[in-house]
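Here's the structure, in structure tokens; my notes come after.
The values are calculated or read from the model by the stated rules, or taken from the named source; none is laboratory data. What you are looking at is a predicted structure, and each value in this text was computed from that prediction instead of being measured. Cβ atoms come from the backbone with ideal geometry, glycine included; neighbour counts cover every protein chain shown. With ligands, DNA and RNA removed, areas are computed over all heavy atoms of the protein, side chains included. Shrake-Rupley method; radii C 1.70, N 1.55, O 1.52, S 1.80 Å.
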Amino acid sequence: MNITEISRFAKIKGLGLVGTGDFTHPKWFSELANELTEDSDTSLYCSKAHPESPVRYMLTAEVCTIYPVDGKSKKIHHVIFTPSLETAAQISDRLEKHGSLDADGRPILDMTSPQLVEEIMQVSDQNEVIPAHIWTPWFSLFGAFSGFDTIEDCYQDMTRHIHALETGLSSDPPMNWRLSSLDRFTLISNSDCHSHWPWRIGREANVLELDRLTYTEVLDTIRKKDPERFKFTIETNPAYGKYHWTGHRKCNVSLPPQEAKKYGNHCPVCGRKLTRGVDQRIEELADRPADYVPENPIGYKRLLPLSEIITAVVGVSYQGAKKVWSIYNPLIAKFGDEYTVLIDASKEEMSKIVDSRIAEAIIRVREEKAKVIPGYDGVYGQLALFEEKQEDSAPSKPKQKSMADFM
Ligand SMILES: [Zn+2]
Ligand SMILES: [Zn+2]
């Protein structure tokens, strides 16, 4: 993807601010330097080629620190925010001493998490380091396979610079509310879109209401966890994740945490050790019940990308299919952008231009009536759009079906 493509799709999606991602990569950095220009004194950037575009950019990157602690390898992803191309370049100058920056958009660094934070905060106190997708089993702060049990274990004395946590696609706010130790942190949601499929932009997002869109305002809102300005996050259902429940793929065994415990975390079919899911990892670290709601929380909405909903209804296997976009585009043309379709458009108005089953599906997702069969042991969760949602009725041995079986 390039800036022109991202700007075009961000506008369709309804995004006003997008992270550039990957500013540490030399090639992408020079493209950013060529394509972007600062929007007056906001420390945010806009497209040089399309000054009329309302989309603004924040310089962001993601890096991976790998280092041993007590003989175990810790692999942690971190998101970095920085206010300018100059500070971005200064960060890269420091990080390249710890690993090759041109090997990958998300470079692997031979340094500890506190070392990383220290270096980045030395460049500017306007920089921000945010632990990335904190519950994914691999490469995250609380990851079951190579993470830590507390934020302090990971960032040590540099924890004082950490203000926010990225919940990622694998967790949502209610899952994180269960740990009282996370109360002081702001939960943010980003899409982590490193792929070249533009429809992966904005699967998750943060909705802020600011007097003026500037880097400082965004940073201040996040650092202060200000509910006046931070309205809500947009989440996809974490059950879609490949490691939501605990299970064993070969035996088609998928279990919620309590069930897995009953079997001693061993597969009831073959006896092998089960692969621990995110839900169980949270259960292990949580000190509050599953339905706990904090006082005055920043809200959230569970949505699904419109292209994914349409793909499921028309029964094609590929989101890029022409058929999908022949339904998608008229909806955008009528309602302005995708979030408006997903959050506000009425069924009656939508039914005037698309099949009523599409309109019905959008409403079902909005009202959280669509059922998701949780993912486990590397198997993605599945959307069952028109199946009635029933809590706690999950089968312990799901039969894997194609999406079309649920239509
Ligand atoms: Zn990552
Ligand atoms: Zn098994």
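With protein chains left intact and a 1.4 Å probe, residues in the chain average 45 Å² of accessible area per residue.
Charged side chains reduced to their Cβ positions (Lys and Arg at +1, Asp and Glu at -1) give the chain a dipole of some 1780 debye around its Cα centre.
When the pairs 75/231; 11/352; 231/369; 225/301; 11/48 are compared against a 21 Å limit on Cα-Cα distance, 75/231; 11/352; 231/369 fall above it. Among 91, 327, 353, the residue with the largest mean-square fluctuation in a Gaussian network model of the chain, with springs joining Cα atoms closer than 10 Å, is 353. Here the relative contact order of region 321-366, from alpha carbon pairs under 8 Å that lie six or more residues apart, stands at 31 percent. Under the classification rounded if a/c is under 1.5, otherwise prolate if a/b is larger than b/c and oblate if not, where does region 134-224 fall, given a ≥ b ≥ c as square roots of the Cα gyration tensor eigenvalues? Oblate. For region 277-327, the list of GluC sites (Glu not before Pro) that fall in a loop by DSSP and count at most 10 other C-beta atoms within 10 angstrom reads 295. For the peptides 357-363, 218-224, the ranking by mean Cβ contacts within 10 Å, running from highest to lowest, is 357-363, 218-224.
Classified by the C-alpha gyration tensor, the chain has an oblate form. Its axis ratio a/c, with a ≥ b ≥ c, is 1.5 or above, and a/b does not exceed b/c. Expressed as a whole percent, the accessible area of the chain that falls on carbon and sulfur atoms is 49 (1.4 Å probe). Projecting the Cα atoms of 83, 28, 239 onto the charge dipole of the chain (Cβ charges, centred on the Cα centre) puts 239 farthest toward the positive pole. Dipole orientation for region 321-366: of the candidates 324, 361, 346, 324 has the Cα lying most toward the positive pole (charges on Cβ; Lys, Arg +1; Asp, Glu -1).
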